[in-house]
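Below is one structure, written out as structure tokens, with a few remarks after it.
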Ligand code: NDP
């Protein structure tokens, strides 16, 4: 019988995960199907229960349910525990395992697809929401010179930095406190682009040849990327590669095989 998987969120129509997992399944010869599920905002657990009851084997979880998915999972991987959020659920014979593949997805995209060296780099992470929290540990594992988390609401950045202070050189601050500092890699993990804006920070933060990464994808050149380009950044990318890489990590958790992401990313970029 074909194994069923799904992505659940609200809204969900924009999700490219079904295309990605269909391509992975073709490439690796797995007998599986993958659908979108729109969950009511107050009905996440019931929607997951009903998918499991219908024989579902696993789910990706997207906005705004990653924290609810964390609470839903009685067992969690260490990286899900560290992130405090779950984006991947695996259903095994009555039990549920929660994982978080976002951070590994970003680190893979930066280092393998984009060829960046994170070791020794000065990294700035803009934003302190669920996505930012999920990528701190995987970034620290690459041993940067420093990782600064900067957020519009300063306290949230400080809270994330204190959560991970034993894992590496991480600190938290408000956006205004960035003035006078320089970074080699700047990751925008805010959702400012949804409102057509960039987070408000001094553009001098980009070191010569710095790399600017917009975690959001599918929006073309966002205000943050334009600002980075104007400020002399040497390279930039959106989050499509992260999306494909986090999907590959989920696929590995479900099917035991990691697909080759290069051709799938190329296909999506072409589309
Ligand atoms: P959250 O809603 O949890 O956090 C949003 C963050 O953005 C907060 O830190 C918020 O600051 C900040 N923010 C929002 N608007 C502005 C603004 N105008 N100026 C400055 N800061 C702002 O979202 P997530 O963390 O879940 O997602 C963040 C982004 O990452 C989204 O765009 C999402 O699409 C993307 N993403 C991409 C993935 C991929 O695979 N490519 C995976 C996961 C996420 P404050 O705390 O002050 O409100």
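Every number here is computed from the coordinates shown, using simple stated rules; none is lab data. Remember, it's a predicted structure, so these values are computed and weren't measured experimentally.
What the table below lists for this structure:
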| item | result |
| --- | --- |
| Helical contribution to [θ] at 222 nm, DSSP H n ≥ 4, -39,500 (n - 2.57), averaged over the chain, rounded to 500 | -10500 deg cm²/dmol |
| Theoretical gain in end-to-end length, residue 22 to residue 221 [0.36 nm per residue, Cα-Cα removed] | 68.9 nm |
| Overall form of region 103-238 per C-alpha gyration tensor (a/c, 1.5; a/b vs b/c) | rounded |
| 0 to 90° range, to nearest 10: angle between helix 44-53 axis and the chain longest Cα axis | 40 |
| Computed lengthening from residue 260 to residue 2, 0.36 nm per intervening residue step minus Cα-Cα distance | 90.7 nm |
| Computed lengthening from residue 154 to residue 202, 0.36 nm per intervening residue step minus Cα-Cα distance | 15.7 nm |
| Antiparallel bridges, percent of DSSP beta bridges restricted to the chain (to nearest 5) | 20 |
| Percent of C-alpha pairs per 10 Å bin, the chain, short to long | 7, 30, 36, 21, 6, 0 |
